[in-house]
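Please treat every number below as a calculation from the coordinates, not as lab data. Computed from a prediction, not measured in an experiment: that's the story for all the values here. Note that each Cβ is placed from the backbone with ideal geometry, even for glycine, and that neighbours are counted across all protein chains shown.
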Amino acid sequence: MGDQKSEIDTEEVRKIIKALKANREKFDEGKGSAFDLQQNGNITAQDLGMYPAGQALGASTIAAFNQISGQYQEFINSYDQVIEALERMVGNHDEKEQTNVTAANRVNAGGGSSASRRNTGEWGGS
């Protein structure tokens, strides 16, 4: 694994992260938000009436609400974890690239040349 290259377009990944974050913010506002689900998603026996059929339906809706609410929160958590993983990936890649550039510059110190991703032949440079 030590000899494998890590090539990602960090600018494109940053654009994806930005889009994901903008989309994620929508889950916190308006219809379908966690707040909306909490406030309007649970129909209780009191809402349906205090008679046997209403109580039975109320018990079913509470169970369904709890299941949906839990799944929704797991989805939100997973979405956040994807964003965090992409941010770590970009950060790790940038750190690795900087380390490589620093090491290359040390080798070239005194030669008047400065290596970077843009001017290193292996990366498509001159």
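Of ALA56, TYR79, ILE43, whose Cα points farthest to the positive end of the dipole of segment 11-80 (charges on the beta-carbon: +1 Lys, Arg; -1 Asp, Glu; origin at the Cα centre)?
In segment 11-80, that residue is TYR79.
Based on Cβ point charges of +1 for Lys and Arg and -1 for Asp and Glu, what charge dipole magnitude is obtained for segment 43-95 about its Cα centre, in debye rounded to the nearest 20? The partial results should precede the final answer.
Values: 1 positive and 7 negative charges, 88 e Å.
Value, rounded to 20: 420 debye.
Can you tell me which of 86-92, 29-35 comes out highest on packing, and rank the rest after it, using the mean Cβ neighbours within 10 Å?
Numbers: 86-92: 14.0, 29-35: 11.4.
Final packing ranking: 86-92, 29-35.
Over segment 10-123, what number does the Rg to Rh ratio reach, with both radii from the alpha-carbon atoms and Rh per Kirkwood?
1.39
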